[in-house]
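Structure provided below as structure tokens; questions to follow.
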Amino acid sequence: ARAGTPAEGNQKSVLANVKPLADKMTFIGEGDDVAPGITGMLAPGHTPGMMIFNVESQGKRLILTADTANHFVLSLQRPDWEVKFDMDKAKAAATRKRVFDMIATDKVAFLGYHMPFPAVGYAEKQETGYRFVPKSYQFDI
């Protein structure tokens, strides 16, 4: 059995494996471009300093939300609910509200790690939160 919490395990792993290489890394912050058309946006809570990315190309836009939402129904319909896996639950809830409000207001597509296939869709405002509206797709043969 493991000792400690998952957060403590993550911290030990970062200190052992990432910190020794810190001087060889380039860190990005809010508004920094990773590459042309890919901009970092701070989204703390799930983990400290977590980032999501605004991706723009040829007049189209997509937000890569990473772990902002842990479930395509619960995390969107009740963004204020706390999730076991979020390291800072209050910040994660505030981030979910801010990010999905922006996505719904701007009517921009998003890609989330925990969304059902194909993991791309839209957020539609509801009374207590948002509803995941999957992007339809069709294979061409």
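The values are calculated or read from the model by the stated rules, or taken from the named source; none is laboratory data. Values in this document were obtained by computation on a predicted structure and should not be read as measured data. Cβ: placed from backbone, ideal geometry, glycine included. Neighbour counts: every protein chain shown.
When you check Thr105 against the structure, is it touching a helix residue (DSSP H, G or I) at 6+ places or on another chain (Cβ under 8 Å) and either at negative phi or in contact (Cβ under 8 Å) with a residue 40 or more places away in the chain (or both), yes or no?
When the stated conditions are applied, Thr105 does not pass them.
For residues in region 76-92 being among the acidic types (Asp, Glu) and at pLDDT 90 or above, which is farthest from Ala123 (Cα to Cα)?
Asp88
Are any residues in region 45-67 within 18 Å of Trp81 (Cβ to Cβ) and either modelled with pLDDT of 95 or more or of a type in the set (Asp, Glu) (or both), and if so, which ones?
Once the filter is applied, which keeps residues that are within 18 Å of Trp81 (Cβ to Cβ) and either modelled with pLDDT of 95 or more or of a type in the set (Asp, Glu) (or both), region 45-67 yields Thr65, Asp67.
Give Ala7, Ala22 a once-over and let me know the one that is out of contact with any Asp or Glu (no Cβ under 7 Å at 6 or more places or on another chain) and surrounded by 13 or more Cβ atoms within 10 Å (Cβ to Cβ).
So the residue among Ala7, Ala22 that is out of contact with any Asp or Glu (no Cβ under 7 Å at 6 or more places or on another chain) and surrounded by 13 or more Cβ atoms within 10 Å (Cβ to Cβ) is Ala7.
Here is a yes/no grid of residues against (1) of a type in the set (Ser, Thr, Tyr); (2) within 25 Å of Thr128 (Cβ to Cβ); (3) assigned to a loop (DSSP other than H, G, I, E, B); (4) without any contact (Cβ under 8 Å) to a residue 60 or more places away in the chain:
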{"residue": "Gly9", "(1), (2), (3), (4)": "no, no, no, yes"}
{"residue": "Phe27", "(1), (2), (3), (4)": "no, no, yes, yes"}
{"residue": "Gly49", "(1), (2), (3), (4)": "no, no, yes, yes"}
{"residue": "Ile52", "(1), (2), (3), (4)": "no, yes, no, yes"}
{"residue": "Leu76", "(1), (2), (3), (4)": "no, yes, no, yes"}
{"residue": "Asp80", "(1), (2), (3), (4)": "no, yes, yes, yes"}
{"residue": "Phe100", "(1), (2), (3), (4)": "no, yes, no, yes"}
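Ok, one more. Among the numbered criteria (1) in a loop (DSSP other than H, G, I, E, B); (2) surrounded by 14 or more Cβ atoms within 10 Å (Cβ to Cβ), which one does Gly40 miss?
If we test Gly40 against (1) in a loop (DSSP other than H, G, I, E, B); (2) surrounded by 14 or more Cβ atoms within 10 Å (Cβ to Cβ), just (1) comes out false.
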